[in-house]
Every structure is written in C-alpha cells, then in structure tokens.
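See below for the structure under consideration.
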Amino acid sequence: MTSDENASLDRFISNFDNPEKLQADAQAALAAGEEFNKGAPIPTVSASDIKQLSEATRRLNAEIPPDPSMAIGTAVYASYGVECASEPAKFMAAQWRLTVLSDLLERGVLNAYVHGGVPDEKVFIAAATIPLTKVDIGEVMVPQALAQAPPELGARAREEMKAQGYDPAHPNIDGKFFRWLQDSC
C-alpha cells in the first residue's frame, strides 16, 4: 500500500473512531438540516472546502458513476481529502454551496471567470462566503426539476412561474452571485 493510500484509509477510519463521535456527528447533521429547513442562512465555509469537495466529487464521479439512489458518506469524502467531511454541519454547508457553484458553472453563467477549465480563485471565495438560504438552493434545483418533468407539466410550470414574475431560465441567484463576486471578493 502506498503512503497516499494509507493516508486515505486513515482519514476514512478516523470517521468511525467511536460510537460517541458517530452519535455527535449524526446530531450535528440533523441540527444543520433542521436549521436549513427553517430557512436559516447557510453557514459560510472556506474556499478550500469548496475546492476540495469539488475535486473529490469530480474524482468520485469518474470512479463511481453517479446514481441518484446511492448516497456517498462523509467518510468517503474524507478519504478523498475533504477536510470539512469530519464536521457534518460544515460539510453540508459546503455541499449546498458547491451545488450553487456547480449550477452556475454548468449553465455558463461564470464563463468569464473560468480559465483553462478552472474557475478563478475569487469564484471559490464567492461560493464559500455569499449569503445563501434554501430559497437560493431551490432556484438552482427548479430548472433541473423542470427538465426532468414530463414536457407538458414542465411547460405549464414554466408559464405559471413567468406569469408570477419569475423566469426559471434566469434565476435570481445569477445576479446575486455576480454582485457578491464583484462587490465582496
């Protein structure tokens, strides 16, 4: 076994040190989920948390094709070098923030800040620190849900949203992220 493999295994095992740690981690994750559901702001994280999680996700997706019926635990992310995986609440915050960043990148919203296929450092800083709530996460998920819906239902939902003054093709999070990126990073 190489030293990198030993380090990964040690990080994985450290997530199961004792029952008390497992119980505390589960309680922290539940508490973070409850706060999110109440509409509390998503805690900030570091830019390195976002980068590590993004890289680990990329590697995991290459090694284990994504399957919506399968969840990957924090211990696996820890073994891939994601330091915040040892803190469930922080990991969840980083995960939500990466969800927003990934959506903005996939839709090309941040193309001006991507060079050689890699986002600029300030993009990671913005993703880590922008004030976010579950409303912002919802805006990211609505277009994905509409794309997966039966065509008639998706079209009807889009029209209803537009009639109420919201265009799911241009989520408010786009402008919010740009303003934060330009004004605060």
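The values are calculated or read from the model by the stated rules, or taken from the named source; none is laboratory data. This is a predicted model, so every value here is computed, not measured. Cβ: placed from backbone, ideal geometry, glycine included. Neighbour counts: every protein chain shown.
Of all the listed residues (Ala169, Ala145, Ala157), the sole one being out of contact with any Phe, Trp or Tyr (no Cβ under 8 Å at 6 or more places or on another chain), at pLDDT below 90 and part of a helix (DSSP H, G or I) is Ala145.
Of the candidates Asp103, Asp67, the single residue that is buried (at least 20 other Cβ atoms within 10 Å of the Cβ) and among the acidic types (Asp, Glu) is Asp103. When the criteria are applied in full, Val109 meets the requirement of being β-branched (Val, Ile, Thr) and not in a helix (DSSP H, G or I).
Looking only at the stretch 106-139, residues that are of a type outside the set (S, T, N, Q) and closer than 17 Å to Val45 by Cβ come to 15 in all.
Among the residues making up the stretch 151-185, those that are over 19 Å from the mean Cα position of the chain (by Cα), closer than 30 Å to Ala128 by Cβ and of a type in the set (S, T, N, Q) are Gln182, Ser184.
Among the residues of the stretch 44-96, the one identified as within 20 Å of Ile137 (Cα to Cα) and among the acidic types (Asp, Glu) is Asp49.
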